[in-house]
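Scroll down for the structure; my scribbles are underneath it.
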Amino acid sequence: MQAARLCNLSERTIRDWRREKFLMKKDAMYKLSNATNLPLPSNFEEKSDYWYVNPYPGYTIAMKSGKFGGNSEYRKQKRYEWWQNKGKFLNIPIFKRKPIRKPGKSKKLAEFIGIMLGDGGMTTYANQICVTLNNKDDKEYIKFVSKLIEKLFSQKPSIINHKSAVAAKILVSSTSLVDYLVLRGLKTGNKIKMQVDIPDWVKDNLEFEKACMRGLMDTDGCLFWEYHKIKDKKYCYPRLSFVTASVPLRNSVVAILEKLNLHPKIRGENQRYVQIEEKEKISDYFKIVGSSNPKHLNKYYK
């Protein structure tokens, strides 16, 4: 929390840096170094915000030849104008939408909605859905999410592992899929700004709510020990915690857990954490809701 306040960032961003999910911002690195009096690493490398993306078609060839002609922003604008005025009206197979399977409301779809509300995102400009997970801790869960997408939508996702960060992106590029998920209650763009929530069709069915809760906790939740020291004696307690910066989503999670009699508590300075703090209730959670993420199951059984 202190690091987040110091850098004027969310606690989730700091956790993602710690888990090497994304690269750290340069200004934040200097702030933390000055505040802790720790020297900067001598071998850090500075990269642009979108270092992993090719700026335009032919970029790799240009890099090899050393010849970069024209203005990339101008080309991007012209491509967009061509598409709007002509391209999208052409009867060319590559420009046609790929058909997807459109499943009905189900527990599997509700769980996928929870995954998307947790570590997922959608963009209209790229017509793409993306789920970002830790490619070490969530190695087996990545396989589960990929297979779930195939079963639901008949689309085989691409899995991209970032070499400089412990993160994997599960990607599907499909305008039809983005449109379908919007129809099912998801939103495109920044989830925090949009203050996303669980769709009403999920809230209307307890089994759907449990499945959605499973997807949320499997992505944005964690199981850990909380330590306290009182008069030189150390105490530790298990905690099952879910974190979100969306107030409607937090309230919906609390409502579901209360409905299941799991005694949730709202914690944290910004009230972003929803925790189950009683050992028996944590056990009840795994019996009632369960988990599809081996990382959580392994911690629970240990």
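The values are calculated or read from the model by the stated rules, or taken from the named source; none is laboratory data. Everything numeric here is computed off the predicted structure, so don't read it as measured data. In this analysis, Cβ positions are derived from the backbone assuming ideal geometry, glycine residues included, and neighbour counts consider all displayed protein chains.
Tell me, please, whether a residue that is at positive phi, surrounded by fewer than 19 Cβ atoms within 10 Å (Cβ to Cβ) and not aliphatic (A, V, I, L, M) can be found in the stretch 199-206.
Looking through the stretch 199-206, none of the residues is at positive phi, surrounded by fewer than 19 Cβ atoms within 10 Å (Cβ to Cβ) and not aliphatic (A, V, I, L, M).
Filter the stretch 254-287 for residues that are over 22 Å from W225 (Cβ atoms) and of a type in the set (A, V, I, L, M, F, W, C) and give the result.
Answer for the stretch 254-287, where residues must be over 22 Å from W225 (Cβ atoms) and of a type in the set (A, V, I, L, M, F, W, C): V254, A255, I256, L260.
So which residues in the stretch 262-276 are assigned to a strand (DSSP E or B), touching a residue at least 24 places away in the same chain (Cβ under 8 Å) and not β-branched (V, I, T)?
Matches in the stretch 262-276: R267, Y273, Q275.
Does the stretch 152-169 include one or more residues that are assigned by TED's automatic domain parsing to the domain that holds I129, buried (at least 21 other Cβ atoms within 10 Å of the Cβ) and in a helix (DSSP H, G or I)?
Checked against the condition, which is being assigned by TED's automatic domain parsing to the domain that holds I129, buried (at least 21 other Cβ atoms within 10 Å of the Cβ) and in a helix (DSSP H, G or I), the stretch 152-169 yields at least one hit.
Here is a yes/no grid of residues against (1) at pLDDT below 70; (2) aliphatic (A, V, I, L, M):
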position	(1), (2)
P55	yes, no
G58	yes, no
I100	no, yes
T124	no, no
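Specify which of the listed residues (L181, L171, L152) is touching a residue at least 24 places away in the same chain (Cβ under 8 Å) and over 17 Å from R101 (Cβ atoms).
Matching residue, one of L181, L171, L152: L171.
Mind checking which residues of the stretch 268-283 are surrounded by fewer than 16 Cβ atoms within 10 Å (Cβ to Cβ) and in contact with a strand residue (DSSP E or B) (Cβ under 7 Å, 6 or more places away or on another chain)?
Within the stretch 268-283, just K279 meets the criteria.
Do we have any residue at all in the stretch 220-241 that's out of contact with any Lys or Arg (no Cβ under 8 Å at 6 or more places or on another chain), free of Cβ contacts under 8 Å to residues at least 24 places away in the same chain, surrounded by fewer than 16 Cβ atoms within 10 Å (Cβ to Cβ) and in a helix (DSSP H, G or I)?
Scanning the stretch 220-241, I find no residue that is out of contact with any Lys or Arg (no Cβ under 8 Å at 6 or more places or on another chain), free of Cβ contacts under 8 Å to residues at least 24 places away in the same chain, surrounded by fewer than 16 Cβ atoms within 10 Å (Cβ to Cβ) and in a helix (DSSP H, G or I), so the answer is no.
Out of all the residues in the stretch 250-263, is one or more at pLDDT below 95, crowded, with 21+ Cβ neighbours inside 10 Å and not polar (S, T, N, Q)?
Within the stretch 250-263, not a single residue is at pLDDT below 95, crowded, with 21+ Cβ neighbours inside 10 Å and not polar (S, T, N, Q).
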